[in-house]
Structures are given as structure tokens and as C-alpha cells.
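Presented below is the structure to which this report refers.
Computed from the coordinates by the stated procedures, all read-outs in this text should not be read as laboratory data. If you're wondering where the values come from, they're calculated on a predicted model, not measured in any experiment. Glycine also receives a Cβ, built like all others from the backbone with ideal geometry; neighbour counts cover every protein chain displayed.
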Amino acid sequence: MNSYVLAVLGTSAVSLILTFLGPVFEGSPPLLLFLTAVMPAAWNGGLAAGFFATALSTFVGAYFLVEPEFSLDVAVAAERLRLLLLFSVGMLLSLVIDRLKKAEAQAAKAALDRDRELKTEIIEHWETEQKLRDEEIFAHKVLMSSLNGLYIYDIRTGTDIFINAQYTRLTGYTLDDLNAIRGRAFFALFHPDDQERIAAHMENLARIADGEVEEIEYRFKTADGRWIWCLSRDSVFSRDPDGGVRQCIGAFLDITERKQAEQALRESDRRKDEFLAMLGHELRNPLAPIRNAVKVMKKIGLPHPKLSWAGDVIDRQVNQLANLVDDLLDVTRIVQGKITLHKTEVEMDKVIDLALETSRPMIEARHHELNLSLPEGPLWLNGDTMRLAQVVGNLLNNAAKYTPEGGTIWLSAVCRDGDAMISVRDTGEGIPKNLLPKLFNLFTQAERTLDRAQGGLGLGLTIVQKIVELHGGWVEAKSEGLGKGSEFIVCLPACKAGMDVGRRVQSAPS
């Protein structure tokens, strides 16, 4: 019901009662009885409804119940005081009821909010517990189904406090088995050749920082007496109150097959090197008599032009075969570490001259233009003269071989920051981008036609790199791609330049 209607009805009811009981009160009805109409109005409608009921009650009392009746002109001071008291008490009561109602509403809202928060907390707590249970189940499944052997090792007690199923599958030991083997007996499970490294590894674990990982490869004796190779990665799992490492967590892989494959590969590589060395020597033995026979034939003279042509062909092919055998023997000696450098102080010009002696015939045969750019003053190197000349010669031959006839080759040398920088650049076929990273590997060559017009075994650049590295330098190849030429840069350390740092440019067309 509307609170204002309630105020009117309540005031009317009280007025009728007081009018009906007027004789009882002998003309002085208790006006405070109107408060029974003010209270429900104020409770239901708030402060405004309470004020309305109070004002209405005061008006009705003054007009109908106080002498003179049907008039608001109250002459008696006592009656005016009673009306004022009704009005004041009604206003105060309305205010108190409004405050109580609001306080009750706030309390109810607070209780509702708290109830809602409590329900939310209960739900969140349940969800958190469920999530933790799910994570525990997930972690347990991951640990137990991992392909790695996992363990948690207590450094202070020297015992394992956890291993997963894969650990047992790989080694044959259960957690109880491991903890029954203590001290030296446990240490004996590691191969004697690895025990010193294992001890150093354990010392490192006691000092590592959180987040760091210690890695080690070792051999471990399984429960059935086999030795397996393991790769372990360990890190801090927990610390003592003083900050020292107490427990470490680790994972290991069985790398026995990989180690066996590596050993087989090393053995195969050793046999390959031995075979190449033997092959080089066996091929070299018949070359000298063939070459001598050709020289004798040329000195005697051949009566028929075709025989003379055949002699020239044999001579060229023998020389090419000799170069291939030399490359094969060189790379074999380098790979086996049997090459010896005879280092002296040598001038760059001498190295260039020796290289040109071997490379100029091919450059001229293919009608290339050779441009030289060398320092005016002497540029000294500390190295093996013949091997350095071999480096430059191989790069020039490579440029001549892969540059179409009539191309241009640039050879330059300069001293920069205490290093000798040698560059061989050409306008040749260029190098595919995917080939650049592996260009200096053994037997690496770009795709060629079946006639193998350029020849070679793909050893020249490998020899270049190995000789340069033996001198403490480096070599790199650059190319923008097929058809855009290439450049090889050699850097050799500890050069000594003359006082004159000018450039000497020379063009040497064929």
C-alpha cells in the first residue's frame, strides 16, 4: 500500500477514535495517539511519508479535536503546546525510524554482500583445490610417463628421495634399491674413468645459483651389469635455511646408441682418412713415370701431328691428375694433423707472385682480365710462404674456373688494423645462398652438369680454410646469388706494413 495513503488512513482512524472517545477525555484527547499513524507511514515510506503523517496529524488534531473546533486558531496556550509536542515528537520519531530503516537496509545489504562473498570464496577455494589436484595429477602423470629418467637427490644425506618409472626402466633400480646402496658402493656405479668428473659435478651443484643448469655425460652401471651412457642436466630443487643447496632435481637420457654411433663414425672417418692417404700415394706413384715418358716423347719428337696432339692431351691430363692427387694428399694431411708449417717473415708480393705462377695459365686460357690492387710499400706476413701462395692460388683458380670466358678477376691486399686482408673477387657464376654456410666443407661443390666441365674434387676451398686457420686467420665467402659473382676474403694476423700505405693498382689482361 502507498505510504501516503497509509498515513491518511491511519490519521483518519486515530481522529475517529479520539472523536468517539472525546467525552471520556473531557475535551482534552491524547494527541500523541496520532504517533501510531506516523510510525507505520515512516517505516513504509521513509522520512518524507513520516513528515507527511506528522503534519497531517497535527492539522487534524488542531482543526477537529482542539477547542475551538473546526478552526486553526488555537487560543489556549496549553493546547498549542500539546500540538507542538505532537509535531516535534512525530518529526523526531520519523527521523529515528528512517535512520533505523536505513541501518537495517545497510545491515541486510552488508549481510547479503558478505554471504555472496562467502559463497564466492567457497567456490574459488574449491576451484583452487580442484586445480591443485588436477595439477598434481598432471605433474605426476608427466613425471611418470616422461621419456627422461627423473630424480630428486638430497646432497646432504646422499640419498634419492624420488625417481620416476623411466629411471627404473633405464637402470633397473627402484628407489629402495638406490637408497640401499650408500657411500662408495653407490659411487662405484659410475664408470671409473668418469668418477673424477662426477665428483667435480657434485661440487659444482653445491655452488650453483637458482635457474642454472649443470650438464654432464657419464657411464652408469645398470642393475643387470651393463654400462650405459647418460646425459644428465641438474639444477637446484631446494635450499637449507642458510641458503645452501640441499636437494637437486635432474633429468637424464640414455645416449648409449648415440655414443656408439659417434664412435663408429670416428672409426669410419679414421678409416676414410687412411684410405684417402693410401689412395693418394698409390695414384701418385704412376704419375711420375707417365710424365717423364711424355717429356721423352716430346724431346724425341713425334712424326705425326695427331701423335703430338695426343702427347699434349696426356701431358695436360697428367698435370690435372697430379693437382687432384696433391689436393687429396694435402687435405688428408691437414685432417690428420700431419701438416707442418715452416713459418718465416715473407713479403706479400712474393706470395702473390708465387700464386700467379700457378694460376696465370688457367686465367689466360679462359681469357680473363686480372686486376691487381696491392700496397705500395712492403706488407709482411708471418707464415709458410708456399702454403700461403697455395691459398691465394687456389682462390684464383677457383675464380678462373667458375667465371665464364672473358670475365674479370680482382685480387687485392691491404693491411687493416694489424691484419692482412686479401680479397679475390670475380664476375663469375656466383654462389647459391644455401651453399654459402657449407662451402668450405669437404667435397662441397655447386651443382654442375654431368660432363663436369670444371673438374675437381671440391677440396680446394677446404684446403684454403684449413691453411688459413693454421695461420691463426679466417676466410669467408660472399655472393649475392647465382650469376652475380663472388668474393673470398682472407684475414691473416700480425702483418707488418711498410711506411708507404698507398695503393698500387695494376691491370693484367690476358
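Summary of values
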quantity	calculated
Solvent-free Debye scattering, log10 I(q)/I(0), computed from the Cα coordinates of the stretch 149-254 at q = 0.21 Å⁻¹	-1.23
For peptides 408-419, 348-359, 195-206, sequence by mean Cβ density within 10 Å, most packed first	348-359, 408-419, 195-206
Values of log10 I(q)/I(0), in the order q = 0.17, 0.18 Å⁻¹, for the stretch 3-112 under a Debye, Cα-only, solvent-free model	-0.74, -0.81
Packing-based order for 52-60, 121-129, 377-385, 254-262, using average beta carbon neighbours within 10 Å, highest first	52-60, 377-385, 254-262, 121-129
Contact order normalised by residue count of the stretch 3-112, Cα under 8 Å, 6+ apart, percent	29 percent
Within the stretch 184-215: backbone nitrogen closer than 19 Å to the Arg258 label point (7 Å, Cα to C-beta)	191, 194, 198, 213-215
Entries of Lys350/Lys466; Lys272/Lys438; Lys272/Lys343; Lys438/Lys484; Lys343/Lys484 with Cα pairs more than 25 Å apart	Lys272/Lys343; Lys343/Lys484
Distant-in-sequence amide H partners of Thr408 (H built 1.01 Å from N, under 5 Å)	Glu369, Thr427
Label point distance in nm, Tyr4-Lys438, each placed 7 Å from Cα along Cα→Cβ	9.5 nm
Cα-Cα separations in the chain greater than 41 Å, expressed as whole percent	63 percent
Burial order of peptide ranges 364-374, 15-25 (average beta-carbon count within 10 Å, highest first)	364-374, 15-25
Cross-link reach list, aspartates and glutamates versus Lys433, counting only Cα pairs under 19 Å and skipping chain neighbours closer than eight places	Glu447, Glu476, Glu480, Glu487
Inter-label distance for Ser146 and Arg366, nm, one decimal - labels placed 7 Å from Cα along Cα-to-Cβ	5.7 nm
Isotropically averaged projected area of the stretch 59-179, using the convex hull of Cα atoms (one quarter of hull area), nm²	16.3 nm²
Hz values of 3J(HN,Hα) by residue in the stretch 373-386 - Karplus curve (6.51, -1.76, 1.60), Gly and Pro given as x	9, 10, x, 5, x, x, 10, 9, 10, 10, x, 7, 4, 5
